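Only the coordinates and a few stated rules stand behind these numbers; no lab work does. From a predicted model like this one, the values you see are computed outputs, not experimental measurements. Backbone-built Cβ (ideal geometry, glycine too); neighbour counts: all protein chains shown.
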Amino acid sequence: MPAGCWLTIFSEVMVVRKDGIGRRWTEQEVALLTELYPLTPMPEMEAKVGKTAGQIKNKATNLGLKRDQSILGQLASSPAKNPITGSRSVSAGTTDET
């Protein structure tokens, strides 16, 4: 079998998981991403678009989309959420259960 045959067969097969990873972007998802990307927080975009943050960032980069500086400033000024406890660190020794 010629070397290029396996590549052709492999590129036509996509593994699709229940969470949508591995699924191609639909026109509707691209339109929604284009609308939401500049001002919408990433967790909200993940829920609405049905893709992971990494997938969203990659697609936005490929489309040349940019985040609005106001949302980036808000995200940078808000305390980071602890992925284990779900709380946000406000200052040393205290937390905000938002």
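Model label sites at Gln28 and Gln69, defined 7 Å from Cα along the beta-carbon direction, differ in position by 3.6 nm.
Here's how it looks for Trp25: its modeled amide H is under 5 Å from none belonging to a residue 5 or more places away or on a different chain.
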